[in-house]
Amino acid sequence: MINIQEVTKQFKDKKKYVTALKYVSFEVKQGEVLGLLGENGAGKTTLLRTIATLLDPTTGQVQVGGFNTVKQPAEIQKQIGVLFGSETGLYDRMTARENLEYFAMLYGLGKHETKVRIDELSKMFGMRDYLNRKVGGFSKGMRQKVAIARTIIHNPSIILFDEPTTGLDITSSNVFRQLIHQLKREGKTIIFSSHIVEEVSMLCDAVAMIHKGELVYHGSLEQLYEQEGSRDLNYIFMSKLVRSGDDYAI
């Protein structure tokens, strides 16, 4: 479903180049939930933006649903839903409902289908009380819930979440986790990055660990636990950073 082949990404910073990704390769199967783990600056968001066709790889290639991200971005954009960290993509002067209606229109949904989807999502995320209020006055958690609804309003087959539970309270975070389980039952392919290791261990089939732009592990969680002789994902991740040459206390 998602095939990443020897992807390198460099950015020019003044007179020098900074390498954000270094020859990253792995696959995400259809219907799989993959957790992307790494510290801030490890390259997680750069990788997600590359998969989402927002960045072109410097070298290597990415295929999503059989389409190349550089040569066929429009075909990929029809299939995916994307949420990047604090970039909610919402319009402050519009109500939550108007935002969702606008994005539904962009994806070609009809009026009836849009209404049904908004009703479903507002019930799921507990947004009914503020659905007709302007987004500009929302708390961070309220905005995040509307942004997640915006991401999946068109029922995409592939979903990319970058730190999706940022700003959510405990109840809303649990709703999000239930959503992931539901999307998985529907056969969706999901990649989400998170700093919450417990979230990854609870929700994901597989994990990709990135450190300083390099892939240090990709595979199923069960294979990882067996290899490491432990089911403590936080300990395993920190151990791999130590083995990669960094001096962390564990």
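Some notes on this structure:
- ARG143 passes every criterion in (1) charged (D, E, K, R); (2) under 27 Å from ALA42 (Cβ atoms); (3) over 18 Å from the mean Cα position of the chain (by Cα) apart from (3).
- Cβ pairs under 6 Å, 6+ apart, first in segment 116-141 and assigned by TED's automatic domain parsing to the domain that holds ILE180 and surrounded by 15 or more Cβ atoms within 10 Å (Cβ to Cβ), second basic (Lys, Arg) and part of a helix (DSSP H, G or I): none
- In this entry, PHE161 passes the filter for residues that are in the same structural domain as LEU21 (by TED's automatic domain parsing), closer than 15 Å to LEU34 by Cα and among the aromatic types (Phe, Trp, Tyr).
- Just so you know, in segment 32-82 the residues that are in contact with a Lys or Arg (Cβ under 7 Å, 6 or more places away or on another chain) and among the small types (Gly, Ala, Ser) include one that is nearest to VAL200 (Cα to Cα), and it is GLY38.
- When we screen GLY187, GLY213 for residues that are assigned by TED's automatic domain parsing to the domain that holds VAL28 and either more than 22 Å from PRO156 (Cα to Cα) or touching a Phe, Trp or Tyr at 6+ places or on another chain (Cβ under 7 Å) (or both), the only hit is GLY213.
- Selection from segment 9-52 of residues that are among the small types (Gly, Ala, Ser) and either without any contact (Cβ under 8 Å) to a residue 12 or more places away in the chain or under 10 Å from GLY213 (Cα atoms) (or both): ALA20, GLY38, GLY41, ALA42, GLY43
- Just so you know, in segment 126-172 the residues that are of a type in the set (S, T, N, Q), modelled with pLDDT under 95 and in contact with a helix residue (DSSP H, G or I) (Cβ under 7 Å, 6 or more places away or on another chain) include one that is nearest to VAL28 (Cα to Cα), and it is THR165.
- Strands (runs of 3 or more DSSP E) lying entirely in segment 146-250 (those with 3 or more residues that are within 18 Å of the chain's Cα centre (by Cα) and either closer than 30 Å to MET105 by Cβ or aliphatic (A, V, I, L, M) (or both)): 158-162, 189-193, 206-211
- Reported count of residues in segment 45-71, each being on the phi > 0 side of the Ramachandran plot and modelled with pLDDT of 95 or more, is 2.
The values are calculated or read from the model by the stated rules, or taken from the named source; none is laboratory data. What you see is a predicted model, and the numbers here were worked out from it, not measured in a lab. Cβ: placed from backbone, ideal geometry, glycine included. Neighbour counts: every protein chain shown.
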